[in-house]
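Shown next, in structure tokens, is the structure this report addresses.
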Amino acid sequence: ETGVTQSPTHLIKTRGQQVTLRCSSQSGHNTVSWYQQALGQGPQFIFQYYREEENGRGNFPPRFSGLQFPNYSSELNVNALELDDSALYLCASSHRDGFIDGYTFGSGTRLTVV
Amino acid sequence: AQSVTQPDIHITVSEGASLELRCNYSYGATPYLFWYVQSPGQGLQLLLKYFSGDTLVQGIKGFEAEFKRSQSSFNLRKPSVHWSDAAEYFCAVGGNAYSGAGSYQLTFGKGTKLSVIP
């Protein structure tokens, strides 16, 4: 079975720009969660998508948005980038109840905002 | 609100020595608890999890963790550390604070970086 693939692996953006990060979920998984991991911190929950609907959101502003597609892949969009958005963005796929069956994390996208 | 505290930012042990990484959590109900490991430039790999039953949980790579409800702790242990165990370790609690019912989010601690001396 394939794992979780994220693209791109690294990118640099300028403050105020917009960015789209992509995630291909593991085969058989229908749920995707996104996390932001700032340097020296643990991952923070951004939101989760289940069957193309947002299914829970953490304490992030509306300029963080997402999509899930019929094949369960997902995008994370961030508008009006700020310097503090610089972080590793992790995608995790799972079955509906990730607590029981477990999450599979991708290797992340390292975003640098200058 | 749920939270996780990992009191030790950085721990250094000699290869072959025993290891214990501390984790304390705050959660209003019976928690789902997890330990993940992250190697440099990599995503997170699940070591073990607890949600019911035996309070001593065995995981991969020779790790184990013990759930102690009275102490709100879920400490990770390994009897003999190998150089390849050098990485960052994250404790997490599962729940749906902030996000609303129906979502399955993880709340992570800030991590403990493990260095291993050969």
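So which chymotrypsin sites (Phe, Trp or Tyr not before Pro) in the range B:21-110 pass both tests, a DSSP loop state and at most 15 other Cβ atoms within 10 Å of the Cβ?
Numbers: sites: B:Tyr25, B:Tyr27, B:Tyr32, B:Phe34, B:Trp35, B:Tyr36, B:Tyr50, B:Phe51, B:Phe63, B:Phe67, B:Phe74, B:Trp83, B:Tyr89, B:Phe90, B:Tyr98, B:Tyr104, B:Phe108; in loops: B:Tyr27, B:Phe51, B:Phe63, B:Tyr98, B:Tyr104.
Listed in order of number, the matching sites are B:Phe51.
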Quiz item: Chains A and B: what accessible area do they bury, summed, in square angstrom to the nearest 100, with a 1.4 Å probe?
Solution: 2000
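What does the average come to when, for each residue of peptide A:53-59, you count the partner chain Cβ atoms lying within 10 Å of its Cβ? Each step should come with its number before you reach the end.
Working: counts 0, 3, 8, 9, 5, 6, 4.
The shielding value for this peptide is 5.
Filter the trypsin sites (Lys or Arg not before Pro) in the range A:1-101 to those in DSSP coil with at most 16 other Cβ atoms within 10 Å of their Cβ, and list the result. Mind showing how you got there, number by number?
Values: sites: A:Lys13, A:Arg15, A:Arg22, A:Arg51, A:Arg57, A:Arg63, A:Arg96; in loops: A:Arg15, A:Arg51, A:Arg63, A:Arg96.
Listed in order of number, the matching sites are A:Arg15, A:Arg51, A:Arg63, A:Arg96.
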Quiz item: By how many nm would the segment from B:Gln42 to B:Gln71 grow when fully extended, if each residue of separation counts as 0.36 nm and the alpha-carbon distance is taken off?
Solution: 7.3 nm
Quiz prompt | Relative contact order (%) - chain B, alpha-carbon pairs under 8 angstrom, separation at least six | solution = 37
Quiz item: What FRET efficiency do you get for B:Ser26 and A:Glu53 if R0 is 22 Å and r is their Cβ-Cβ distance, rounded to the nearest 0.05?
Solution: 0.15
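May I ask you to compute the full-extension gain from B:Lys110 to B:Ser18, defined as 0.36 nm times their residue separation minus their alpha-carbon distance, rounded to one decimal in nm? Each step should come with its number before you reach the end.
Details: separation 92, 0.36 × 92 = 33.12 nm, distance 2.21 nm.
Full extension from B:Lys110 to B:Ser18 adds 30.9 nm.
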Quiz item: Of all DSSP beta bridges in chain B, what percent run antiparallel (nearest 5)?
Solution: 90
Quiz item: Ignoring ligands, DNA and RNA, what percent of the accessible area of chain B is carbon or sulfur (1.4 Å)?
Solution: 50
Practice problem: Mind giving me the nanometre distance, one decimal, between the label points for B:Ser52 and A:Asn79, set 7 Å out from Cα along Cα→Cβ? | Solution: 4.4
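Does the range A:1-40 come out rounded, prolate or oblate by the C-alpha gyration tensor, with a ≥ b ≥ c the root eigenvalues, rounded set by a/c under 1.5 and, if not, prolate when a/b is larger than b/c and oblate if not?
Details: a/c = 2.40, a/b = 2.04, b/c = 1.18.
Judged from the Cα gyration tensor, the range A:1-40 comes out prolate (a/c at least 1.5, a/b above b/c).
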Quiz prompt | the protein assembly as shown: Cys lacking any partner C-beta under 4.7 angstrom | solution = none
Quiz item: Just from the alpha-carbon atoms, what are the Rg and Dmax of the range A:1-107 in angstroms?
Solution: 13.1, 40
Quiz prompt | Share of carbon and sulfur in the accessible heavy-atom surface of the range A:37-88 [1.4 Å probe, %] | solution = 49
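Please identify every one of the GluC sites (Glu not before Pro) in the range B:7-73 that sits in a loop by DSSP and has no more than 16 other beta carbons within 10 Å of its own beta carbon.
Working: sites: B:Glu15, B:Glu20, B:Glu64, B:Glu66; in loops: B:Glu15.
The qualifying sites are B:Glu15.
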Practice problem: Using the Cα centre as the reference, give the magnitude of the dipole from point charges on the C-beta atoms of the protein assembly as shown (Lys, Arg: +1; Asp, Glu: -1; all else neutral), rounded to the nearest 20 debye. | Solution: 240
Exercise. List the relative contact order of chain A as a percent without decimals, with contacts defined as Cα pairs under 8 Å and 6+ residues apart.
Key: 36
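A:Gln18 to B:Ile9: FRET efficiency via 1/(1 + (r/R0)^6), r the Cβ-Cβ distance, R0 35 Å, to the nearest 0.05? Can you show the working numbers first?
Details: r = 34 Å, r/R0 = 0.98.
FRET efficiency, A:Gln18 to B:Ile9: 0.55.
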Exercise. Rounded to the nearest 0.05, what FRET efficiency do A:Asn71 and A:Ile100 give with R0 = 35 Å and r taken as the Cβ-Cβ distance? Could you check?
Key: 0.90
Practice problem: Work out from phi, with θ = phi - 60° and the Karplus expression 6.51 cos²θ - 1.76 cosθ + 1.60, the ³J(HN,Hα) of each residue of the range A:67-81, listed in order in whole Hz, and give x for Gly and Pro. | Solution: 9, 10, 9, x, 8, 6, 5, 8, 10, 10, 10, 10, 9, 6, 4
Quiz item: How much mean residue ellipticity at 222 nm does the protein assembly as shown get from its helices, if each DSSP H run of length 4 or more adds -39500 (n - 2.57) and you divide by all residues, to the nearest 500 deg cm²/dmol?
Solution: 0 deg cm²/dmol
Self-check item: In nm, spacing of pseudo-spin labels at A:His10 and B:Trp83 (7 Å Cα→C-beta vector)
Solution: 2.6
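Could you give the accessible area per residue of the protein assembly as shown, probe 1.4 Å, as a whole number in Å²?
Numbers: 10710 Å² over 232 residues.
With the other protein chains kept in place, the protein assembly as shown gives 46 Å² per residue.
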Practice problem: Note down the Stokes-Einstein diffusion coefficient of chain B in µm²/s, whole number, using a Kirkwood radius over alpha carbon pairs, 37 °C, and 0.692 mPa s. | Solution: 226
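The values are calculated or read from the model by the stated rules, or taken from the named source; none is laboratory data. Keep in mind that what you see is a predicted model, and the values were worked out from it rather than measured. Glycine also receives a Cβ, built like all others from the backbone with ideal geometry; neighbour counts cover every protein chain displayed. We work out accessible area using only protein heavy atoms, side chains counted, and drop any ligands, DNA or RNA first. Shrake-Rupley method; radii C 1.70, N 1.55, O 1.52, S 1.80 Å.
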